[in-house]
Amino acid sequence: MSQPDLLENAESGTSLWQDAWHRLQKNKLAIISVVVLTFVVFATVAGPWIIAATAGYTYRDQDTALGASSPSLQHWFGTDTLGRDLLTRTLYGGRISLLVGLVATAVSMILGVTYGAIAGFAGGRTDQVMMRIVDVLYALPFTIFVIILMVLFGRNIYLLFLAIGAVEWLTMARIVRSQVISLREKEFIEATRVMGFRSSRIIFQHIIPNTLGPVIIYVTLTVPQVMLLEAFLSFLGLGVQPPMSSWGVLIEDGVRTMEEYPWMLIFPSLALSATLFALNFLGDGLRDALDPKAAKE
Amino acid sequence: MIRFILKRLATFVPVLLAIITITFFMVRIAPGGPFDEERKVPEETLRQLQKAYNLDAPLYRQYLDYLGGVVQGDLGPSFKKPSRTVTEWILMRLPVSLELGAYGLLVALCIGLPAGIIAASRPNTAQDYAPMSLAMAGICIPNFVLGPLLVLVFALWLGWMPVAGWDTPAEKVLPSLTLGAVYAAYIARLTRGGMLEVMGQDYIRTARAKGLSETAVVLKHGVRGGLLPVIAYLGPATAGLLTGSFVIEKIFQIPGLGREFVEAAFNRDYTMIMGTVLVYATLVLVLNLVADVLHAWLDPRVRMSIQ
């Protein structure tokens, strides 16, 4: 065997991620979910521009003479009571919903991973106190605090990111902590200590990257939860404010007029539910792929 | 066990104190007040209002006065609905929300448990996939979508059910179903997972070897162990049922505490906000404790770990 061949063979061992990718590819539901999500992201990002360029209206262009009209060739999802194109509004609302989902999840991830890693790495008394705090926070009716926050401090979208992120980080902290505790005793971490690295460097460069698998799984499952919470708040009138719009806002609009104009409820609901379906299936698929042991249960 | 319960009850005091404190100062720090009206209230009236509601005292004084009242069960006067005190409002609204929550839980258990057990008895067949797909649908269709859709179909189009209200039994069907659906879905998934794990254990094989019928094996031996994850989930679920009712009460126009809370938050009715938050927090703490005690009572391993 020549030298290059040897090298090629040496490289062909499968890593954890390649294994996971192979398993994921076999999961039809997960693959369909990836396709659906890609489509949703593409449609919500590019859709409003394409419609503006071809049909010439945006999410806020009113046509009061037209008013609410049922789905037609001109307006695929119909129009709302102000004559605004519902397809454009659904796509634009989806943009905001997805944005909130991603940003708030990122906030919760940063909080949860940092907190969990510090607690797990410190161990002992510090760990006990930190996790006890999480236990207590778990018992609190957080949704209620988010509602109060949103009402009192103005309903702006940045506060929404923070408030939702602050609710969802607890489980992440627990997951990361238990991972870190098992990693802490491993030889390679001992080696970094021997080499005299600072704790912060050990945590952020050597421990956290190794907790990535469970974190990714949980993040995928957090995004739909966050989107639900955003929609819930918007439905109560506390989330995204007009003229901005999100699926929750559109659904709330739809509920008010569902007797006369059911399409105003049905299309945004379908969009939200389909996205949540895809995210949940993808999360389940990733869990099965990255953690085959859990899949058997 | 008694010691465990007492210890937990003792932690309630600092937690509730923290909640009162956070809510009190959060509400006060926020810009705007309960008497910000569209048209300006005369200076003199404003001063009298503030005096009547103890708003002219220094903040720490107001805080201490409020705490003193809470200890005696007096949650103060409502700023926006002065016809009753906050305690009276809560006593009037809470039973409705509790009833709704209880029905929701009942729906969740009555649908979720059988669905999970049926799915687990024949894993990876149609009998498994059908209830589990429904469960996924239950998780992905939020209650504020499900509720209006149910109203649209069963009340407006078919005319089988009333659209809203909370007086007759018929009016309670759709709200209870809507509230319970998500939890039915989670419980079905948890039951299935728990049952599958238990049904692979040796003691189940022993039960089968004794010649018990499959029904007896599942219902007598399987369910006992298989339902433990569900019991552990009941604590968080009941908390969710309470906050879930905000939306349900809005959709079906039910005069419960959830609607009162959201309204109070919008109106900046300080005392009403604090009163409802306090009640919700207490409920969540108590229900979590009940779920934990139930869990310990059913699972000897948990009992050992808390003793």
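The values are calculated or read from the model by the stated rules, or taken from the named source; none is laboratory data. These numbers come from a predicted model, not from an experiment. Note: ideal-geometry Cβ built from the backbone for every residue, glycine included; neighbour counts use all protein chains shown. In case anyone asks, the SASA skips ligands and DNA or RNA and just uses the protein heavy atoms, side chains included. Shrake-Rupley method; radii C 1.70, N 1.55, O 1.52, S 1.80 Å.
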Take the residues in the range A:73-83 that are surrounded by fewer than 22 Cβ atoms within 10 Å (Cβ to Cβ) and at pLDDT 70 or above, then tell me which one is farthest from A:A231 (Cα to Cα). A:Q74
Helices (runs of 4 or more DSSP H) lying entirely in the range A:104-200 (those with 1 or more residues that are of a type in the set (G, A, S), surrounded by fewer than 19 Cβ atoms within 10 Å (Cβ to Cβ) and in contact (Cβ under 8 Å) with a residue 40 or more places away in the chain): A:157-184
Within the range B:266-278, does at least one residue satisfy the condition of being more than 9 Å from every other protein chain (Cβ to nearest Cβ), within 17 Å of the chain's Cα centre (by Cα) and in a helix (DSSP H, G or I)? yes
Index of the failed condition, B:L196 passing every other in (1) in contact (Cβ under 8 Å) with a residue 24 or more places away in the chain; (2) more than 30 Å from A:P262 (Cβ to Cβ); (3) open to solvent by 60 Å² or more (accessible area, probe 1.4 Å): (3)
Residues (facing another protein chain (nearest Cβ under 7 Å) and open to solvent by less than 10 Å² (accessible area, probe 1.4 Å)) located in the range B:137-159: B:C140, B:P142, B:F144, B:V145, B:P148, B:L152
Inside the range B:64-96, the number of residues satisfying the requirement of being more than 24 Å from B:V27 (Cα to Cα) and touching a helix residue (DSSP H, G or I) at 6+ places or on another chain (Cβ under 8 Å) is 1
Tell me whether the range A:247-270 contains one or more residues that are away from chain B (no Cβ under 12 Å) and either surrounded by 24 or more Cβ atoms within 10 Å (Cβ to Cβ) or in contact with a Gly (Cβ under 9 Å, 6 or more places away or on another chain) (or both). no
Given the options B:L287, B:L294, B:L298, name the one that is open to solvent by 20 Å² or more (accessible area, probe 1.4 Å) and at the interface with chain A (Cβ under 10 Å from one of its Cβ atoms). B:L287
Residue check for A:T90: open to solvent by less than 60 Å² (accessible area, probe 1.4 Å), closer than 17 Å to A:I251 by Cβ, touching a Leu at 6+ places or on another chain (Cβ under 7 Å) and at pLDDT 75 or above: yes
Here are B:P42, B:P31: which of them is within 14 Å of chain A (Cβ to nearest Cβ), modelled with pLDDT under 80 and at negative phi? B:P31
When residues of the range A:217-243 are filtered for being within 17 Å of A:V103 (Cα to Cα) and more than 11 Å from every other protein chain (Cβ to nearest Cβ), how many remain? 9
Conditions (1) open to solvent by 20 Å² or more (accessible area, probe 1.4 Å); (2) over 27 Å from A:V255 (Cβ atoms); (3) assigned to a helix (DSSP H, G or I); number of the one not met by B:G211: (3)
Conditions first: (1) modelled with pLDDT of 85 or more; (2) buried (at least 16 other Cβ atoms within 10 Å of the Cβ); (3) in contact with a Lys or Arg (Cβ under 8 Å, 6 or more places away or on another chain). B:P255 passes all but one, so which condition is the exception? (2)
Could you list all residues from the range B:50-72 that are modelled with pLDDT of 80 or more, open to solvent by less than 70 Å² (accessible area, probe 1.4 Å) and not acidic (D, E)? B:Q62, B:Y63, B:Y66, B:L67, B:G68, B:G69, B:V70
